1. For the stretch B:190-207, which positions are out of contact with any helix residue (DSSP H, G or I) (no Cβ under 8 Å at 6 or more places or on another chain) and more than 9 Å from every other protein chain (Cβ to nearest Cβ)?
2. Within the stretch B:252-262, is there a residue that is over 30 Å from B:Cys399 (Cα atoms), surrounded by fewer than 16 Cβ atoms within 10 Å (Cβ to Cβ) and either more than 10 Å from chain A (Cβ to nearest Cβ) or among the small types (Gly, Ala, Ser) (or both)?
3. With the requirement that a residue be under 21 Å from the mean Cα position of the chain (by Cα), of a type in the set (A, V, I, L, M) and closer than 19 Å to A:Asp187 by Cβ, what does the stretch B:183-212 give you?
4. Do we find a residue being outside any loop (DSSP other than H, G, I, E, B), within 26 Å of B:Leu21 (Cβ to Cβ), in contact (Cβ under 8 Å) with a residue 60 or more places away in the chain and within 10 Å of chain A (Cβ to nearest Cβ) anywhere in the stretch B:122-144?
5. Looking at (1) free of Cβ contacts under 8 Å to residues at least 24 places away in the same chain; (2) within 10 Å of chain A (Cβ to nearest Cβ), which one does B:Leu332 not meet, given that it meets all the others?
6. I'd like to check something: does the stretch A:315-335 contain any residue that is over 28 Å from the mean Cα position of the chain (by Cα) and among the aromatic types (Phe, Trp, Tyr)?
7. Applying the selection to the stretch B:358-391, what residues are hydroxyl-bearing (Ser, Thr, Tyr), part of a helix (DSSP H, G or I), more than 7 Å from every other protein chain (Cβ to nearest Cβ) and in contact (Cβ under 8 Å) with a residue 12 or more places away in the chain?
8. Assess whether B:Ala508 counts as being modelled with pLDDT of 90 or more, facing another protein chain (nearest Cβ under 10 Å) and either surrounded by 14 or more Cβ atoms within 10 Å (Cβ to Cβ) or over 27 Å from the mean Cα position of the chain (by Cα) (or both).
Amino acid sequence: MSRAKPEDDDYWNSSKFKAFTFDDDDDEFSQLKESKRAVNSILVDDDDDEDDVERVSWSGEPVGSISWSVKETASSIRSGSEQSFPKIDTTPSLSKQGSGYSLSSLFKGKSKPGAFQSFSESFSDTSVRTYAPELRKPKSDGKDFVSDLSPEETVRRMQKGRPFSLEKFRSLQDKLLLLDEAVAVYDGNVITAVLIFLKKSLSKEILFRELMARDVALRHYVHYLKEMGEQKLLVELLKALGRTEDMALIQYKEHLNIKDEGRRRDFLKSCLSLPFSQDDATHVQDHYTLLERQIIIEASDKKADAEIFKKFPRKASILNMPIITTLYYSCFYHYGESEGTFSSPSNIRKTFRISEKQYILTALGARAKLKSWFDVDSLFNTKNWLGYTKKRSPIGFHKVVDILHKNSAPVSVLQEYVNLIDDTELKLSVALKYKCHDVVINTYRDLKDRQQLVVYREKLERDSPEYRKIQELLNNVQIRWKN
Amino acid sequence: MAHTERRDAPELPDFSLLKRLARDQLIFLLEQLPGKKDLFIDADLMSPLDRIANVTILKQHEVDKLYKVELKPIVSNSDQLCFLIRPRIQTVKWISDLVNSDKVAGRFRRYKIIFTPQKFYACETVLEEQGVFGDVTTDEWNFYILPLDDDILSLELPEFFRDNFLEGDQRWVTTAGSALHLLQSVYGSFSKVYGIGRCAKMVYESWRELMEEGEQRTRQPEFAKVFLIDRDVDYVTPLCSQVVYEGLVDDIFRIKCGSVEFGPDVTSSDKSIKVMLNSQDKVFNEIRNEHFSNVFGFLSQKAKNLQTAYDKRRGMDIQQMKAFVADELKGLKQEHRLLSLHIGASESMMKKKTKQDFQELLKTEHSLLEGFEIRECITYIEEHINRQVSMIDSLRLLCLLSITENGLLSKDYKSLKAQYFQSYGIDHLLTFANLRQLGLLEEQQAGETLTVMESKVGKLVNDKTVGKLTDAFSSLAKKSNFRALSKRLALVPKSGEEYDLRVPRDMAYIFSGAYIPLSCKLIEQVLERDGWTGLEEVTRMLNGQEFAVTGGSSGSEARNKTDAQRIVLVMFLGGCTFSEISALRFLGKERGCRFIVVTTAITNSARLLEALLDNHA
């Protein structure tokens, strides 16, 4: 999609951003192609090439790697082959990674003499203690007094994974002190742990009320409920907080879990009464209407035997597709149906307030795909008040050409639309791009640009009609060339 | 290639130690469950695990069969099941169901869950609630950091972004703090820490707590400085199309855990091939940071050199040939392979980009960054949507438009939103709500007033929480101020100037000279000023939350001469892009220092936006 105004192109070409282009015929690209050819043509006269692949380090996952061997999954294995461990030759990777280094030796404080620097010597005792053998430490120390600890100490123990007890935090004030302390040390894990405790030991009304003034804790709680799938409680919470839009969205989200389209439609219908913002309410209404229509269309098209369905069998169901995809589908299979039917393009266009531009784009794509050039043609026909037919398009004709080309329209069709491009330079560049010779030649002729015609002639095949046409023009003495 | 590395560039620490540390801890944990066992691995842990261990190692520690966690019923005959998973409620629920159905079937097994990088109370609560606490033992594998390359360390936590920034869940704050603590314990302390962002502050605090608990270390520091930055400080950069080779490969083929799968169109054969992309690949290493337009020239030069090297064989006698085969041939063949692979990749990328009118897309992006011809940009985006081209690209352009323009005019917002729904599905109602919450795609408000909810809450607030609450809301209702920031920091070079991409003059080269990434510019400025002084206006527009602290063990000035003092560690909270890494590598070369990037995950525009989609169950 290029911008319409030529000035822009001027700007961009002269700006600093002319970094590189992705045009096919760009010099560097051909250079690249050349070097590829060169590299590929280099002959290496030994044929164990393939073996080499496994040995060189860049060949990806080492054979015997974990993701390499976990190809079978538990659930797929069930279907018959109980083959135990995937057979893999692990020798190459063993030699690469096997270190002969044992963990137990580390924890005994002695490392086996090896090629590399001893591991335990490389850092002091403290870090070893911090990073590995913490696990060995019995975690039962001081169990007797954990119930007498202050909120600070309790939170600290929770952070460390040491035993703790929350039982003594019984008054609301103590509970909140505990929560605030957890928030004060920024530890999300502990904040959630305290919230779980509060959830069990406080009525939800009280908990909700307290959370209202504690945003950090509140967000942890909301996230926890989401992860636990406690939808009902979550909705209640958001409602109590007055966050009605969030509540509506969270409820609306539920539809994603409903597989059956009928039930999904009914669920969406029930969402219509939720307190969405005004805009969102319209969208949810659309969603419901869309699915309702799609179910009707799907039911009838599944057993449809019209010519078009035989010629172009449907690849997938239309259910749950976006509006534009549905419109495209309708332009493809139901073009020309009267507005009264749900499946007709005009009905869909009207129901979902689709802009003219969007409609033309979609219909153009669908009709071009079917090579219905007549339909394409009539998309752009407008009659003025005198009854003359004129071609008009809400999208630039250069883009129309683009879309037609992508749908492999023949040059004769392309040419017609290239000619409708107002801007001469743009017309010329599009014509050149898609090799619409007639348009190119006529434009140069109109520009009285003899030199360009000569240049263009050289690009054409000798004795082709276009070539001869240029010949004739150049021989025409009546034209007053500018150069 | 064009710019050679400064000879005095400091050596980077050896991060392979981190892999060994993780592997040994995993082995230790597996040994905690003696005997044969089946191992179930979370799908997204498989690639990271591959980088540090392999099947042989697992088998040596009596792992019998390996399965991918799929949240479906399982078939396993083993009496011991071990689960290696991320701490997710859904997975733990699935395991609980499994245990319970075994119980019903009267089957006795031992179960062990190894959570990585840590366990969460919420997960343990699920075990408790499902009545399987005790039947299942749990452990933690503190696999915090995976070195992806010499200078890239990843936490491999893509969910960090959504959890932290969208959901407001701080569960990963201590994880990030622990990762820094691990680096410090193994490689020595830092003399100075800078940061910006709410999360950065919290991570720093969490790390500081860990430091205070641990013993003070007196080792020579291996890094001079640390810079922590939240992803939401700069959304513009990750939303731009990447045009540096490595970034482009990531945008098109998706690099996963340092490895990429090239399809038949690249390999010119009928099979796909997985390739590790890192500094070990000599060809890749030379082009990864280059603007794509420079890559062709480089590759063809390489091809010519290669041909010359092969040609040397002609006219050799037996002795010479023998030496050639022994010394050179293998290297040449390897280079040959790499070269044809990257040429294939370039060609395939070129084809794909030509097809999607990349040039036009870039033009629009650059106009948005420059604030130039916005109406035409909107028309372009509208048509992009109308033609149902890439759903993610349309969303990306909408977000860029909104951030650079401080929100869309109400009329435009409504119309573009409606058209988006028409083209890609009304389910995106939820996606748009998420984007609005993050400030990525907003409708301009007539007058910035607090919502009813906010003022209601405001009245209820007690003194203690008032500060935090304001923070929370200001981050929600935050304005991007991109235009003003861009002007202040000169992010968009003046138009009309020629930019020679072959000889980059600043970090803007990673975006064809059109834009210096905000994130990297901030890092540059702060390092230059040794703090935030003079950047007050900038930080105000970024919503504050900046900090700079001097570490306890700053030591004598003499240390500044050592290599370590020229190594800067940058931690991106919420992900960073390959383009940003390239920009920092460039900056490092300019300044004679080296950057080590620690990120919660490698991201790009597609990953960032996909994390916010809510149109599927």
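1. B:Lys192, B:Ala200
2. The answer is no; no qualifying residue exists.
3. B:Ala200, B:Met202, B:Val203
4. Yes, some residue in the stretch B:122-144 is outside any loop (DSSP other than H, G, I, E, B), within 26 Å of B:Leu21 (Cβ to Cβ), in contact (Cβ under 8 Å) with a residue 60 or more places away in the chain and within 10 Å of chain A (Cβ to nearest Cβ).
5. Going through (1) free of Cβ contacts under 8 Å to residues at least 24 places away in the same chain; (2) within 10 Å of chain A (Cβ to nearest Cβ) one by one, B:Leu332 breaks only (1).
6. Taking every residue of the stretch A:315-335 in turn, at least one turns out to be over 28 Å from the mean Cα position of the chain (by Cα) and among the aromatic types (Phe, Trp, Tyr).
7. B:Thr364, the sole residue that qualifies.
8. Values: modelled with pLDDT of 90 or more: yes; facing another protein chain (nearest Cβ under 10 Å): yes; either surrounded by 14 or more Cβ atoms within 10 Å (Cβ to Cβ) or over 27 Å from the mean Cα position of the chain (by Cα) (or both): yes.
Against the criterion (modelled with pLDDT of 90 or more, facing another protein chain (nearest Cβ under 10 Å) and either surrounded by 14 or more Cβ atoms within 10 Å (Cβ to Cβ) or over 27 Å from the mean Cα position of the chain (by Cα) (or both)), B:Ala508 qualifies.
The values are calculated or read from the model by the stated rules, or taken from the named source; none is laboratory data. Only a predicted model underlies this, so the values are computations on that prediction, with no experimental measurement involved. A quick note on method: Cβ atoms are made from the backbone with ideal geometry, for glycine too, and the neighbour counts reach across all protein chains shown.
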